[in-house]
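Bear in mind these aren't lab numbers, they're just calculated from the coordinates by the rules spelled out. Note that the coordinates shown come from a computational prediction; the quantities given were computed from them, not determined experimentally. So basically every Cβ, Gly included, is an ideal-geometry build from the backbone, and we count neighbours across all protein chains shown.
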Amino acid sequence: MKVYPDDEHSSIIFVRKINKKSMDCQGIIERIYKEVKPFTAEGIIADYIPALAGVSRDNLGISVHDIKGEFYGVGQYQVPFSIQSISKVFSFTLAYEAIGEEVWQRLGKEPSGTSFNSLVQIEHEYGIPRNPFINAGALVVADIILSNYKYPWRQFLDFVRKVSNDSALNFDEEVAASEKETGHRNAALAHFMYSFGNIKNPVEDVLNFYFMQCALEMSAESLSRSFLYLANHGVLPHSGEEILTISQAKRLNALMLMSGLYNESGEFAYRVGLPAKSGVGGGIVAVYPRHYSVCIWAPAINEYGNSIAGIEALQRFTSYTQMSVF
């Protein structure tokens with residue numbers, strides 16, 4: 001039987017003595033880094049995207065930002081990597097901003113129960129993806145952005161630069177080209193939904209935007225900072241700008257909790273207890289509303305497409321700090 005860090009006879013007995021007001025967050029993430037480093041040897045690199053095949057599995061970075069402006073980091077937290085499906089949170093935010101609750105006429109709010117790139121559900125549910133975070137849902141979101149923004153690529157990049165407070169962020173065109181070359185299933189999804197009338201723009205344009213957003217490069221530090229608006233009721237802590245309403249931020253966090261880690265979302269909620277979004281580049285970003293945002297980057301992933309060391313690290317983080325939504 002596998003023993004988790006918060007099981008009855010584990011280190012949670014020690015953690016219960018921690019005073020949250022004087023908690024040594026830097027010390028905690030340094031401890032976690034040492035504990036989970038061996039897990040970077042497990043799993044595979046997402047080499048089905050050729051441009052990602054050369055990433056070293058030895059990388060491990062942990063970054064924490066809280067809404068009061070404090071920051072903590074350890075390991076390779078400043079190394080840029082391909083954020084892949086984490087980008088779906090940013091694109092959905094733009095779509096939600098643009099058309100509000102109308103977005104749910106073209107998307108569902110439920111866990112998929114199938115692979116993140118499955119075509120089966122689209123046939124049975126008449127071209128309506130179960131949620132924005134499976135690939136079909138993200139393609140519909142890309143279509144919404146193309147229809148509602150004059151300069152969609154630039155405005156997407158400007159948005160991520162704003163929420164991350166990092167003007168140097170950019171797309172990796174090599175990764176985007178690599179994804180396009182091998183993205184036949186995504187092309188099939190887009191054409192299939194076009195046949196149902198749930199893709200309005202030319203399929204090639206939708207795919208190009210989707211591949212480029214997934215090829216955005218960010219570090220764990222930039223990612224944890226960029227998710228702070230979801231930890232702060234939709235408002236950027238560093239500027240006070242409202243990105244989403246309180247209600248929209250709550251709903252986006254709920255979607256991440258239910259569907260942010262593909263078919264491992266339930267297990268992740270059970271073990272970690274935070275809304276989160278992962279990507280096959282090995283990143284996972286999670287938020288504790290009204291408190292913090294945390295990003296783990298460890299490139300080796302499991303069969304669901306989620307970072308093995310990342311999940312281990314986040315489980316320990318919520319156990320050692322006693323700070324989760326449950």
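Counting only alpha carbon atoms, the long axis of helix 152-164 and the longest principal axis of the chain meet at about 10°.
Cross-link pairs exceeding 31 Å between alpha carbons, from the set LYS68/LYS200; LYS68/LYS277; LYS68/LYS180: LYS68/LYS200; LYS68/LYS180. Note on the chain: helix-only mean residue ellipticity at 222 nm, from DSSP H runs of 4+ residues weighted -39500 (n - 2.57) and normalised by residue number, equals -12500 deg cm²/dmol.
Any idea what angle helix 87-99 forms with the longest principal axis of the chain, computed on alpha-carbon atoms, 0 to 90 degrees, nearest 10? Helix 87-99 and the main axis of the chain meet at about 60 degrees. Less than 5 angstrom separates the built amide H of GLY260 from those of ALA276, all sequence-distant by 5 or more or on a different chain. Phi angles across region 169-175 convert, under the Karplus curve 6.51 cos²θ - 1.76 cosθ + 1.60 with θ = phi - 60°, into 3J(HN,Hα) values of 4, 7, 7, 9, 5, 5, 5 Hz, Gly and Pro given as x. Listed peptides 251-261, 170-180, 148-158, 229-239 appear in the order 251-261, 229-239, 170-180, 148-158 once ranked by packing, highest mean of other Cβ atoms within 10 Å at the front. Computed from phi, the 3J(HN,Hα) profile of region 228-236 under the Karplus parametrisation 6.51, -1.76, 1.60 (θ = phi - 60°) reads 5, 5, 7, 8, 10, 6, x, 10, 6 Hz, with x in place of Gly and Pro.
Here region 12-321 is treated with +1 on each Lys and Arg Cβ and -1 on each Asp and Glu Cβ, and its dipole about the Cα centre works out to around 1060 debye.
Looking at region 83-142, which trypsin sites (Lys or Arg not before Pro) are in a loop (DSSP not H, G, I, E or B) and have at most 16 other Cβ atoms within 10 Å? Provide the component values of the computation, followed by the final result.
Details: sites: LYS88, ARG106, LYS109, ARG130; in loops: ARG106, LYS109, ARG130.
When the trypsin sites (Lys or Arg not before Pro) of region 83-142 are filtered for loop state and at most 16 Cβ neighbours within 10 Å, LYS109 remain.
Note on the chain: dipole from Cβ charges, positive end direction compared against ILE145, ALA187, LEU52; the farthest Cα belongs to ILE145. Tell me which label goes with the value of Cα Rg over 2.2 N^0.38 Å computed from the coordinates here: [x] 0.94; [y] 1.01; [z] 1.20. Entry [x].
Packing, taken as the mean count of other beta carbons within 10 Å per residue, orders the peptides 199-206, 288-295 from highest to lowest as 288-295, 199-206. When the P(r) of region 244-326 is calculated, the portion above 20 Å amounts to 25% of the C-alpha pairs.
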